[in-house]
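The values are calculated or read from the model by the stated rules, or taken from the named source; none is laboratory data. All values reported here derive from a predicted model rather than from experimental measurement. No Cβ is skipped: glycine too gets one built from the backbone with ideal geometry, and neighbour counts run over all protein chains shown. Quick note on the areas: whole protein, heavy atoms, side chains included, nothing else; ligands and nucleic acids left out. Shrake-Rupley method; radii C 1.70, N 1.55, O 1.52, S 1.80 Å.
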Amino acid sequence: MTEDNEIFRHTISVLVDNEFGVLARVVGLFSGRGYNIESLTVARVDQQANLSRITIVTSGTAMVIEQIKAQLNRLVPVHKVADLTSDGPSVEREMALVKVISKGEKRVEALRMADIFRARAVDTTEDSFVFEVTGVPDKVRAFIALMEPLGKAEVCRTGVVALRRGTDVI
């Protein structure tokens, strides 16, 4: 049995009209109520119907998550809201570019770690690498943490993208 005030991480997918101001309204809904967005991605997914998909990772109690979904459903440009965390199995991925500046043994170790994590070196100089790592958010976080002592200089992350498994669609 779970506590009513226990906080859970949820991935919410929102199908919206691809028009000016929609993202601002969605983000405003969160900020206006004091809800935090941990990750946010948005892109056009249907040129013909002019639709975009917003993927939001947030945390809250079961009641807060239900409020977020209900309020998102009330926004005019929203066509559909799906809670990928509670609606069934889903696939989540994130991509990060990680710049590592190092020489000597640390450089060799950075390459070794990248190989273990299946990260690709997408740019290299005599003193630096830019690695591309893709996977579940925990894998991306772990790779970034391991690069810290090896000369991590800069990180850019995409945020989570997610789809339901199987034949169900949003």
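For region 95-111, what are the residues that are assigned to a strand (DSSP E or B) and surrounded by fewer than 16 Cβ atoms within 10 Å (Cβ to Cβ)?
M95
Of G28, G34, all but one fail to be open to solvent by less than 40 Å² (accessible area, probe 1.4 Å) and without any contact (Cβ under 8 Å) to a residue 12 or more places away in the chain; the exception is G28. For region 8-22, filtered to residues that are buried (at least 19 other Cβ atoms within 10 Å of the Cβ) and under 14 Å from the mean Cα position of the chain (by Cα), the residue that is nearest to N50 (Cα to Cα) is V14. Of all residue pairs spaced 6 or more apart or on separate chains, those with beta-carbon atoms under 8 Å, a first member in region 60-76 that is free of Cβ contacts under 8 Å to residues at least 60 places away in the same chain and a second member that is assigned to a helix (DSSP H, G or I) and open to solvent by 30 Å² or more (accessible area, probe 1.4 Å) are L75/R25. Whether any residue in region 79-100 is touching a Ser or Thr at 6+ places or on another chain (Cβ under 8 Å) and over 18 Å from T41 (Cα atoms) is what I want to check. Checked against the condition, which is being touching a Ser or Thr at 6+ places or on another chain (Cβ under 8 Å) and over 18 Å from T41 (Cα atoms), region 79-100 yields at least one hit.
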